[in-house]
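The values are calculated or read from the model by the stated rules, or taken from the named source; none is laboratory data. Being a predicted model, the structure only gives us computed values, none of them experimental. Don't worry about glycine lacking a Cβ; one is built from the backbone with ideal geometry, like all the others, and counts go over all protein chains shown. Please note that ligands, DNA and RNA were not included when accessible areas were found on the heavy atoms of the full protein model with its side chains. Shrake-Rupley method; radii C 1.70, N 1.55, O 1.52, S 1.80 Å.
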Amino acid sequence: MQKKIDITILCKVVDNFGDIGVVLRLSKALLEVQKQNSAIFPEINIRIVSDNLKSFSLLEPKINENLDVQSVLGFQVFNWENDANLEYFQKNPPEVILECFQCGRPSWLETLLFDIKVQNIVQIVMIDYLSAEDYAETFHLLQSLTRSARVKKINFMPGFTQKTGGLIFYNHEIDFLEGVSLPLAPELPLTLPPLPGQSPRPQRDFSKFQTIFFSYPHDFSSIIKAFIKFNKKIGGNFLVNLAQGAGFLPFQNEYKKFSSSKDIFDLKTLDFLPQEKWDELLKQMPLLFIRGEDSLARACLYGRPFVWHAYIQEENYQIVKVKALLEKLRPFFPEEHFSKIEKLYLVYNGSDGNLCEAIFDFLSDYENLTEGFFNFSRSLKKNGNLAFHLMTFISKNYII
């Protein structure tokens, strides 16, 4: 008989919404995977401990930021700073702890794990940031020591290869990846490019060609100039959907400086969107300019051409991360087309070069890039679902 396993997920919100967004996505995916594979996976009880319920509630409106303890969507949510958690968790000790993004543990949990004698063995799984770098394979499932024989620790690395944990996804996202048509939201009429296997049109209609634009602070003047140039090339039908974030107001202010241009593209500013609505919007866009790691994973899975703005780091270390991602993309494109992706990704993320020219060249080559991005997304599906791999690891350690 299989026992019900407790999974406690820890998350400190470091950069607005990315970290807690991954935790929300992982929690829902774990529940889905367990439900669909109940014959092989034990039942699970998920408890999320977060230090920023405000951010959490914006991504998932069913969360009440003012409640220290609540049940939502099949899992429990706890306020990190609530010391009363100690008594509850002492009565219901954790068995598996997912420590996300090196967030550490709240003081009351440290007390429980190392000062109070809990009889059961506790497995800490360190869920790290998504990276295409080689170290993701090296660190995946690497064990670490703790100061108690009762507390075990192991690294679990998201990634882009079969030697990592893979990416988090839901079944309906795989249906989309397989080319199943999804209805478009009525407020977003657009013409999606044909997927491989569908009959290509002699000349694609760029009517209402749209993109999401979501970035950290940037050289928006060069970006807007490239968009204006591309808008002119396709007959004035380019629409940019500007997402909330650090680049939201600076982009609008820069856009106003070009408002008198006869070739200016249309700009639509978006309200902040909960995670589910954000995901649906990304699926519907034929082109994505995204930032961070959670939106990067969605872009990779959805199989549309995308441009990634990596989190800016000291000494331009983000370039290392960008180059690693480029190497994962490279096999899916002829060199003449990949060179335009490579040039843009590097310049867009801080390398020397003409940003306006790099964006325009990338956009102008759009038709030749769609199949490569689609096939890249297909390859990621073959690596498997991180939630499934994680449940497999947990089951091997805790089924009785």
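Using only the alpha carbon atoms of the chain, find the Kirkwood hydrodynamic radius as the inverse mean reciprocal pair distance, in angstroms to one decimal.
Numbers: mean 1/r = 0.0444 Å⁻¹.
So the Kirkwood estimate lands at 22.5 Å.
Amide H contacts of residue 70: 77, each under 5 Å away and 5 or more positions distant or on a separate chain (H built 1.01 Å from N in the peptide plane; Pro and chain starts excluded). Here's how it looks for residue 124: its modeled amide H is under 5 Å from those of 97, 152, 153, 154, which are all 5 or more places away or on a different chain. What is the list of residues in the stretch 350-373 whose amide nitrogen lies under 15 Å from a point 7 angstrom out from the Cα of residue 323, following Cα to Cβ? Residues 350-352 fall inside that zone.
Considering only 322, 49, 118, the mean-square fluctuation computed in a Gaussian network model of the chain, springs between alpha carbons under 10 angstrom, is largest for 118.
Here the Gaussian network model covers the chain, with springs between Cα atoms less than 10 Å apart; of 341, 44, 290, 44 fluctuates the most. Helix 275-284 and the longest principal axis of the C-alpha atoms of the chain enclose an angle of approximately 30°. For the chain, the relative contact order works out to 17 percent when only alpha carbon pairs closer than 8 Å and six or more residues apart are counted.
Applied to the stretch 23-28, the Karplus parametrisation 6.51 cos²θ - 1.76 cosθ + 1.60 on θ = phi - 60° returns per-residue 3J(HN,Hα) values of 5, 4, 5, 5, 4, 5 Hz, with x for Gly and Pro.
Charge dipole (Cα centre; +1 on Lys/Arg Cβ, -1 on Asp/Glu Cβ; no other charges) of the chain amounts to roughly 580 debye. On a 0 to 90° scale, report how tilted helix 366-382 is relative to the longest principal axis of the chain, with both axes built from alpha carbons and the result rounded to the nearest 10. The helix 366-382 is inclined about 10 degrees to the chain. Computed on the stretch 43-115, with alpha-carbon pairs under 8 angstrom and 6+ residues apart, the relative contact order is 26 percent.
If you plug the beta carbon distance of residue 141 and residue 83 into 1/(1 + (r/R0)^6) with R0 = 45 Å, you get a FRET efficiency near 0.85.
The residues of the chain have, on average, 45 Å² of accessible surface per residue, using a 1.4 Å probe with all protein chains present. Peptides 237-250, 292-305 ranked from most to least packed by the mean count of surrounding Cβ atoms within 10 Å: 292-305, 237-250.
Is the stretch 221-368 best put as rounded, prolate or oblate by its Cα gyration tensor, with a ≥ b ≥ c the root eigenvalues, rounded for a/c under 1.5, and otherwise prolate when a/b is larger than b/c, oblate when not? Walk me through the numbers on the way to the answer.
Values: a/c = 1.38, a/b = 1.19, b/c = 1.15.
It comes out rounded by the Cα gyration axes.
Each label point was placed 7 Å from the Cα along the Cα-to-Cβ direction; for residue 314 and residue 62 their separation is 4.2 nm. Could you name the lysines whose alpha carbon sits less than 17 Å from that of residue 12, not counting residues in the same chain fewer than 8 places away? Residue 12 reaches 54.
Listed values for the stretch 45-51 are Karplus-derived 3J(HN,Hα) couplings in whole Hz (6.51 cos²θ - 1.76 cosθ + 1.60, θ = phi - 60°), namely 10, 9, 10, 9, 10, 10, 8, and x replaces Gly and Pro. Approximating the spin labels as points 7 Å out from Cα along Cα→Cβ, the residue 271-to-residue 115 distance works out to 4.6 nm.
Spin-label pair residue 392-residue 330: with each label point 7 Å from Cα along the Cα-Cβ axis, the two points sit 2.8 nm from one another. Proximity of backbone amide H atoms, modeled 1.01 Å from N, is registered between residue 165 and 157, 159 at under 5 Å, excluding neighbours fewer than 5 places apart on the same chain.
Helix 355-364: angle to the longest alpha-carbon principal axis of the chain, degrees 0 to 90, nearest 10? Helix 355-364 and the main axis of the chain meet at about 80 degrees.
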